[in-house]
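Here is the structure we will look at.
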Amino acid sequence: MVVVKYIRHLFFLFVLCECFHRELYSLSFENIAIGLDSIRQDKIKATVEFLASSHFRGRATGSPEAMLTASYISSIFQRNGLKPLLHSSDFIQSFEITRTIPKPNSYFELRQKGGESYSFRINKDFVPASWGADALIMQKEGVFVGYGITAPRLNYDDYEGLDIRDKIVIMLTKVPDNEQDSFRQVSRTDYGDPIRKSIWAAHKGAAGVIRVLGPEEKLPSSSICDFNQAEAHLTIRLKSLKIPVITLTFEAGQQLLSKCIAPHIQRQNLSQIIQLINKELRPQTFKLEGELRLATEYRRRPVQGYNIIGVIPGSDPTLKNEYIVIGAHHDHVGVDDKGQIFFGADDNASGTAALLELSEAFQANMLKPRRSILLAAWGAEEIGLLGSRYYIRKPAVPLENTVAMFQMDMIGRNAQHQADAVNSFPREVAAENQNSLNVLGTWLSPDLRSSIETSNIRAGLDLKFPSDLEAIELMRRSDQWPFLKQGIPVLFLFTGFHPDYHQLTDTADKINFAKMEKILRLLYLTVWELTEARDQPTLKKALFEKLTYTGKIK
């Protein structure tokens with residue numbers, strides 16, 4: 001037995017000190033073995049079963065159970081000796097969310113020069129945008145501003161030479177659809193973000209915004225009466241927008257322009273205008289004849305979201321100011337209108353339980369990491385990554401000091417689904433994935449891939465590395481995305497989709513706890529290696545700068 005233990009320690013000393021491609025400070029496996037051995041599937045199982053029980057009723061954002069979940073996670077962080085947020089005595093970072101329901105008395109009409117009026121029907125032709133401001137009746141001139149984008153780096157500006165002060169602007173949604181994909185770069189500002197475009201128009205002096213959907217886009221429903229189903233936005237973002245915004249169908253946009261384009265405008269057809277902009281990447285802007293008359297009104301409800309953040313301070317006088325972030329979202333989708341619970345065992349009680357297990361493991365050793373570790377349970381992921389987006393706006397530690405981020409989302413099942421062309425995922429069979437784990441982000445950070453592959457010598461998982469280029473849509477769907485957009489190396493750990501995804505049947509009895517134990521041990525060893533590495537992991541900046549939302553290289 002003594003011999004076996006001695007050989008085991010030698011093996012890990014080899015793994016931790018020899019195999020890593022980056023030079024490490026001195027680290028012996030003996031110093032971190034207690035933490036590794038503390039990661040056990042029976043404990044993980046108990047936590048997942050608790051979080052995915054009827055006690056938490058699906059952990060929906062804005063529900064009493066969301067606060068209960070936050071309090072529970074906070075208590076575990078405290079029990080395990082983590083430190084709360086800097087300059088705070090609390091582990092909880094609260095943020096306000098606004099849910100919005102448009103009122104039916106909003107309206108929009110065109111008043112032509114000859115005195116004729118043309119009214120557009122709410123819910124048929126237009127809906128007030130959920131992020132717009134309330135507005136009493138206003139009657140203003142209109143200006144068509146193409147896509148409503150200003151992009152100096154791309155030598156494109158729809159507003160160049162245009163005076164839109166106190167006017168209502170009509171803009172196309174999204175960005176120019178051009179083979180260059182210039183406007184869809186991951187590392188640049190999201191030019192197609194509708195709220196950002198609305199705020200920019202207001203900054204330019206616009207009195208209101210009318211968004212015209214593309215031919216394939218559907219009008220959002222404004223018939224929702226339940227705030228739990230209403231669109232949600234970070235309140236801190238909405239406060240910067242003081243003008244009304246409405247969304248118009250493509251057909252209604254066609255009608256609007258056909259009735260108020262001046263005769264001298266060459267292209268009288270909206271489709272032709274769009275094609276010209278897309279082809280030439282040259283703005284097409286003009287004033288409209290007649291005046292636009294609109295009013296918007298909403299019902300609003302503020303909702304609290306919660307990030308729970310705990311820190312394990314580093315021991316090195318210098319490196320303790322650098323942070324490795326480990327995250328998992330704790331929210332799910334709650335209950336349906338019949339009171340049936342969406343338990344969310346895999347999505348994402350699995351990731352949350354993993355976070356709590358790691359908070360104990362990292363604290364179990366006498367040795368403390370040189371770099372600091374920040375563990376974050378994100379709120380409101382299911383309604384738009386709002387918790388992690390808020391954190392990026394209000395980080396607990398400077399983003400420039402964040403050297404890497406690991407996200408755990410749905411790490412408890414065996415992938416089982418049909419082929420997914422969008423994310424370039426082949427058909428998966430559960431029986432073939434009992435030991436597999438998808439790791440995304442490695443194409444952009446080979447350093448992180450090297451670290452996790454070396455740690456996997458011990459963990460023994462079947463690691464899959466989908467191309468970040470082909471699976472970019474999947475990368476955008478969890479909380480690592482806001483970090484990646486800041487140029488921070490990330491890894492997204494994900495065991496794959498299955499038939500119970502976002503169904504009532506996502507229950508704890510279907511979790512592969514033996515595999516979860518391996519995943520946590522893998523991440524534990526990988527993070528320890530990064531805390532002790534002399535150099536930070538790098539991001540392939542040349543690839544990052546050219547990567548687009550469509551997974552293409554510009």
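Below, the figures for the structure above:
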| quantity | calculated |
| --- | --- |
| Residue in the stretch 490-533 that is surrounded by the most Cβ atoms within 10 Å (Cβ to Cβ), counting only those that are more than 22 Å from G35 (Cβ to Cβ) and among the charged types (D, E, K, R) | D506 |
| Long-range neighbours under 6 Å by Cβ, at least six apart or interchain, first residue without any contact (Cβ under 8 Å) to a residue 40 or more places away in the chain within the stretch 423-442, second of a type in the set (A, V, I, L, M) and crowded, with 22+ Cβ neighbours inside 10 Å | none |
| Test: residue in the stretch 289-299 that is in a helix (DSSP H, G or I) and touching a strand residue (DSSP E or B) at 6+ places or on another chain (Cβ under 8 Å) | no |
| One residue from F50, F20 being under 34 Å from the mean Cα position of the chain (by Cα), modelled with pLDDT of 95 or more and in the same structural domain as H329 (by TED's automatic domain parsing) | F50 |
| Close pairs (6 angstrom Cβ cut-off, 6 or more residues apart or separate chains): of a type in the set (D, E, K, R) in the stretch 20-44, modelled with pLDDT of 90 or more anywhere | R22/A533; R22/D535; E23/R534 |
| Spans of strands (runs of 3 or more DSSP E) in the stretch 100-158 with at least 2 residues more than 30 Å from the chain's Cα centre (by Cα) and in contact (Cβ under 8 Å) with a residue 60 or more places away in the chain | 107-111, 117-120, 135-144 |
| Leading residue by the ranking (farthest from the chain's Cα centre (by Cα)) among those in the stretch 308-330 that are over 15 Å from W528 (Cα atoms) and either in a strand (DSSP E or B) or aromatic (F, W, Y) (or both) | G310 |
| Subset of the stretch 26-54 [assigned to a loop (DSSP other than H, G, I, E, B) and in contact with a Leu (Cβ under 8 Å, 6 or more places away or on another chain)] | L27, S28, I32, I39 |
| Whichever residue in the stretch 528-554 is among the β-branched types (V, I, T) and out of contact with any Pro (no Cβ under 8 Å at 6 or more places or on another chain) and, among such residues, is modelled with the highest pLDDT | T548 |
| Residue within the stretch 175-185 that is part of a loop (DSSP other than H, G, I, E, B), free of Cβ contacts under 8 Å to residues at least 12 places away in the same chain, surrounded by fewer than 19 Cβ atoms within 10 Å (Cβ to Cβ) and assigned by TED's automatic domain parsing to the domain that holds Q284 present | yes |
| Check on I164, outside any loop (DSSP other than H, G, I, E, B), in the same structural domain as P220 (by TED's automatic domain parsing) and touching a residue at least 24 places away in the same chain (Cβ under 8 Å) | no |
| Filter result (more than 24 Å from A129 (Cα to Cα) and in contact with an Asp or Glu (Cβ under 7 Å, 6 or more places away or on another chain)) within the stretch 279-294 | P283 |
| Test: residue in the stretch 150-159 that is of a type in the set (F, W, Y), over 23 Å from K239 (Cβ atoms) and in contact with a Phe, Trp or Tyr (Cβ under 7 Å, 6 or more places away or on another chain) | no |
| Of all residues in the stretch 23-47 being among the acidic types (D, E) and at pLDDT 90 or above, the one that is surrounded by the fewest Cβ atoms within 10 Å (Cβ to Cβ) | D42 |
| Filter result for S240 (of a type in the set (G, A, S), surrounded by fewer than 20 Cβ atoms within 10 Å (Cβ to Cβ) and under 19 Å from R196 (Cα atoms)) | yes |
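Residues checked against (1) without any contact (Cβ under 8 Å) to a residue 24 or more places away in the chain; (2) of a type in the set (S, T, N, Q); (3) in the same structural domain as E49 (by TED's automatic domain parsing); (4) within 17 Å of V48 (Cα to Cα):
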| site | (1), (2), (3), (4) |
| --- | --- |
| V325 | no, no, yes, no |
| H329 | no, no, yes, yes |
| D337 | no, no, yes, no |
| F342 | no, no, yes, yes |
| A345 | no, no, yes, yes |
| S359 | no, yes, yes, yes |
| F362 | no, no, yes, no |
| T402 | no, yes, yes, no |
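The values are calculated or read from the model by the stated rules, or taken from the named source; none is laboratory data. This one's a predicted model, so the numbers in the text were calculated from it and none came from an experiment. Glycine gets a Cβ as well: all are built from the backbone with ideal geometry, and neighbour counts include every protein chain shown.
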